[in-house]
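Asks: Please see the structure below; I have some questions.
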Amino acid sequence: MRANLARRSLLLGAGSVCLLPWSAVGATDKLNIGGARGSIDFAIGDSKVFRTTGTFKDWQGFLRIEEQDVPRSAVQVVVRTKSVQMLDTQQTAMMRDEDFFDVEKFPEMTFRSTTVERTGETTLRVGGDVTLRGITRPMVLAVSVTDRRPEAAPGTRYARFRAEGAIKRSEFGMTKYIDIVGDTVDISIRADAWR
């Protein structure tokens, strides 16, 4: 179950990975991200014993990049929890029920950045809050950016990004099978950011 939330989820995230190298953008630039041009994947479980993976198909967000003041940059992402897909239909149905994402009661999962720190020429550390099942907890994403196109026209790709992070599913009330599968959910986000 650790893996169920994390690799394609996010959340999170997705979203926090998108801050691009500051010299390549205007003083302030707003970029879009979403499931049409990216993926939020997650993996749950100890690979030596059990590990399963999933993804979220329907998500979108935006990035606001502040070239002159990087910590003021921001990321927001909204994930439709019903779009979760696992390796088979049985696992997918299980993830959607009340023991896990409870998609009827909590149709959305969100990520909002609270801190952005540049750690290298093309890397960032993005901290933020994940809200899932009505519970908000902190999360940190390590973000890298490639294939920048500073002169990209509106509606075209500006850059590609990748973000990695993890959450504890127990912190969001998802404890079923935790003693068998585990608690940690690894999250991987890949997306094109476009103007």
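Asks: Relative to the Cα centre, what is the charge dipole magnitude of the stretch 124-195, using +1 at the beta carbon of each Lys and Arg, -1 at the beta carbon of each Asp and Glu, and rounding to the nearest 20 debye?
Replies: Using Cβ point charges on Lys, Arg, Asp and Glu, the stretch 124-195 gives about 240 debye.
Asks: Here is a further query. Computed over the Cα atoms of the stretch 47-101, what is the ratio Rg over Rh, Rh following Kirkwood?
Replies: Using only Cα positions, Rg/Rh for the stretch 47-101 is 1.20.
Asks: Hey, another quick one. Using a 1.4 Å probe, what is the accessible area per residue for the stretch 111-195, in Å²?
Replies: So the stretch 111-195 comes to 49 Å² accessible per residue, rounded to a whole number.
Asks: Sorted by average packing, counted as other Cβ atoms within 10 angstrom per residue and highest first, what order do 81-90, 148-157 take?
Replies: Packing order, densest peptide first, comes out as 81-90, 148-157.
Asks: Please give the net charge around Lys105, taking every other residue with its beta carbon less than 9 angstrom from that of Lys105, where Lys and Arg add +1 and Asp and Glu add -1.
Replies: Taking every Cβ under 9 Å from that of Lys105, the sum is -2.
Asks: Could you please state how large a percent of the accessible area of the stretch 93-159 is carbon and sulfur, counting protein chains only and using a 1.4 Å probe?
Replies: Carbon and sulfur together cover 48 percent of it.
The values are calculated or read from the model by the stated rules, or taken from the named source; none is laboratory data. Because the structure is a prediction, the values reported are computed rather than measured. A quick note on method: Cβ atoms are made from the backbone with ideal geometry, for glycine too, and the neighbour counts reach across all protein chains shown. For the accessible areas, the whole protein counts, side chains as well, though only heavy atoms, and no ligand, DNA or RNA atoms are used. Shrake-Rupley method; radii C 1.70, N 1.55, O 1.52, S 1.80 Å.
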